[in-house]
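Every number here is computed from the coordinates shown, using simple stated rules; none is lab data. Small disclaimer: the values here were computed from a predicted structure and weren't measured. We place every Cβ from the backbone using ideal geometry, glycine too, and count neighbours over all the protein chains shown.
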Amino acid sequence: MVSRRLVLAALAAVPLFAGPAGAQEAKLPVAASFSILGDFVKQVGGDRVAVSTIVGPNGDAHVYQPTPADAKNLAAAKVVFVNGLGFEGWMERLAKASGTKAKIVVATAGITPREMADEDDHDHGKDKHAHDKKGGKKEAHGHDHGAADPHAWQSIANAKIYVANIRDALIAADPAGKDAYTANAAAYTAKLDALDAEVKAALAKIPAEQRRIITSHDAFGYFGAAYGVELISPEGVSTESEASAKDVARIIRQIKAEKIPAVFLENVTNPRLIERIAKETGAKIGGELYTDALSDDKGPASTYILMIQSNVRTLSSALSS
Ligand code: ZN
């Protein structure tokens, strides 16, 4: 018999998450910065991981203020997944404050970033945004100049890159789970391929000239580029800055001139601006789109796949008529 002291020493040497499958085995603790990314990590991690999500359902990650509980979750995590592309401006400070030793994995690595359209008075001496000026988009004033649009998850092709990055990071952190992570990622990627085909088929039924989305902040750039939808947003790609009176007036003129039929609310932004635009233009409110966060479990968008399906249903019913 070994002594009690030796047994304890042996137990302490076993990493919390390691070891072969066993019902009572501890899961790999990981964190994800926001709910959509948290869903991807759950899909790939399956039973082997315990995911804590920092910005929860219907939360706005652009302007999130971390709590002490977030620091605790980060400190306990073995891997922290972030979107990157300037989405989580608060993460670096939080990670430092938490003292976490976790590897921070940027889930958008390898994605071709879409640049913010720059239509306002800031001239950076290059005409790099000329390709997508027609939507009337602009970047948020006073911050993140020349930076990328963070909303890469709205393209399903990009979602598959998130999934591959998550798979590779989980395998690196927990090599014993390699087969499980590989199989989970492959099965989920197949579902994303089916979803992509479904979205293309649904949007193809909307006449091209009707495929225009007005939302309060510019979260659908990647979606629009992937599926041929034009985007018009008064607030730019972050919710941090408010739309200027000039921007709102321009959009109101554009809606009237082009007879744009519907404007959309977002689950993460205040509805007031869109309600005002609807009132002043006579455009109808086409429903609520899920942009930067999932719904809670009772809502129609509690997973990424359900979120995309809900958005496409909302767009189809508002724009087809
Ligand atoms: Zn956003």
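Would you pull out the residues with amide H under 5 Å of Phe81's amide H, same chain only if 5 or more places away, H placed 1.01 Å from N?
Residues meeting the criterion, in which the H sits 1.01 Å from N, are Ala31, Ala32, Ser33, Val105.
Past 18 Å, Cα to Cα: identify those pairs from Lys200/Lys259; Lys256/Lys284; Lys42/Lys191; Lys200/Lys256, in the order given. Don't skip to the answer; put the middle values down first.
Details: Lys200/Lys259 24 Å; Lys256/Lys284 12 Å; Lys42/Lys191 15 Å; Lys200/Lys256 28 Å.
The pairs that break the limit, which is 18 Å between Cα atoms, are Lys200/Lys259; Lys200/Lys256.
Would the range 189-232 count as rounded, prolate or oblate if I go by the C-alpha gyration tensor, calling it rounded below 1.5 in a/c and otherwise prolate when a/b exceeds b/c, oblate otherwise? Write out the running numbers ahead of the final one.
On the way: a/c = 3.05, a/b = 1.46, b/c = 2.09.
Cα axes put the range 189-232 in the oblate bin.
How big is the gap, in Å, between the Cα center of the range 224-271 and the Cα center of the range 73-111?
That distance is 30 Å.
For the range 166-321, with only Lys/Arg (+1) and Asp/Glu (-1) charged at the beta-carbon, what is the dipole magnitude about the Cα centre, in debye rounded to 20?
The dipole magnitude comes to about 720 debye.
Whose amide H sits under 5 Å from the amide H of Arg114, counting only residues 5 or more places off or on another chain, with H placed in the peptide plane?
For Arg114, whose amide H was placed from the backbone, the distant partners under 5 Å are Asp149.
Take the alpha carbon atoms of the range 152-186, find their center, do the same for the range 286-317, and report the distance between the two centers in whole angstrom.
23
When the Karplus curve 6.51 cos²θ - 1.76 cosθ + 1.60 is applied with θ = phi - 60°, which whole-Hz ³J(HN,Hα) does each residue of the range 105-114 get, with x for Gly and Pro?
Those phi angles translate into 10, 8, 6, 8, 4, x, 7, 7, x, 8 Hz.
Show me the three semi-axes of the equivalent ellipsoid for the range 193-321, from the C-alpha gyration tensor (sqrt of 5 times each eigenvalue), largest first, rounded to whole Å. Write down the numbers at each step before the final one.
Details: eigenvalues 105, 61, 32 Å².
Values for the range 193-321, descending: 23, 17, 13 Å.
Can you tell me how much longer the chain between Lys298 and Thr67 gets when fully stretched, taken as 0.36 nm per residue apart minus their C-alpha distance, in nm with one decimal?
Numbers: separation 231, 0.36 × 231 = 83.16 nm, distance 2.50 nm.
Here the segment from Lys298 to Thr67 would lengthen by 80.7 nm.
Roughly how many debye, to the nearest 20, is the charge dipole of the range 219-270 about its Cα centre, given +1 on each Lys and Arg Cβ, -1 on each Asp and Glu Cβ, and no other charges? Please report the intermediate quantities before stating the final value.
Details: 5 positive and 7 negative charges, 66 e Å.
Result for the range 219-270 is approximately 320 debye, rounded to the nearest 20.
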